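Everything below concerns the one structure shown next.
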Amino acid sequence: MNIRIFAVAILIFQSDFALADQTDKRLDMLFGRLSSSSDAQVIRSTENEIWEIWFAHPNSDVERLMQIGVQRMNASRQSEAMLIFNELTENFPDYAEAWNRRATLHYLLGNYQESIRDIEKVLALEPRHFGALSGLGLVYLQLDQLGKAKQAFEDLIDVHPNSPNAQENLRRVDQDLRLNVI
């Protein structure tokens, strides 16, 4: 089925649904677990549970369209993925993960300012979105804005203190900042 037709069909048959993903009541408990555990396996499984919740949508057709968008992005079919993510963000503006995936695609395409705008929307909807915070830090690294990258990684550590990637990225930014001062 043509992706555009599939997307339009979903949007025609959509009905009002409760907010999805970032409003799930299980997230508070899962973020508590992320903060309190130093066990790598527990951290990874908790992250995966959070990602599943963020990806979920009460409309299974929307969720399926998101899956197709991610598949297209992973298969380097960026224009098709962008079409899907544009449709999702336009028609489901409270679906944080649609904004996050589009931000990722913008990053991959080198559209850093667009990525930042989408990440800001994600964080307005879900301030604890560790994927978006990490992405924001990476965007600022690409733009050589080390102070902003440092802030993003510090914000990430506030949300996910046991994230090994966040700790390593912050260490590298701090080292680069020290070298720039010398």
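The values are calculated or read from the model by the stated rules, or taken from the named source; none is laboratory data. Model, not experiment: these values are computed from the prediction. Virtual Cβ from ideal backbone geometry, glycine too; neighbours counted across all protein chains shown.
Applying a threshold of 9 Å to beta carbon distances and a minimum spacing of six or more residues, or different chains, the list of pairs starting in the range 158-171 at a residue that is of a type in the set (Gly, Ala, Ser) and ending at one that is assigned to a loop (DSSP other than H, G, I, E, B) and crowded, with 18+ Cβ neighbours inside 10 Å reads ALA166/HIS160. Residue pairs whose Cβ atoms lie under 6 Å apart, sitting 6 or more positions apart in sequence or on different chains, and linking a residue in the range 107-130 that is modelled with pLDDT of 95 or more to a partner that is hydrophobic (A, V, I, L, M, F, W, C) and surrounded by fewer than 16 Cβ atoms within 10 Å (Cβ to Cβ), are TYR112/LEU143. For the range 75-182, the helices (runs of 4 or more DSSP H) that sit wholly inside it and include 2 or more residues that are buried (at least 16 other Cβ atoms within 10 Å of the Cβ) and of a type in the set (Gly, Ala, Ser) are 96-109, 130-142, 146-159. Name the single residue that is nearest to LEU143 (Cα to Cα) among those in the range 68-124 being acidic (Asp, Glu) and under 16 Å from the mean Cα position of the chain (by Cα). Of everything passing the filter in the range 68-124, GLU114 is nearest to LEU143 (Cα to Cα).
Within the range 17-26, one or more residues are at pLDDT below 95, surrounded by 16 or more Cβ atoms within 10 Å (Cβ to Cβ) and small (Gly, Ala, Ser).
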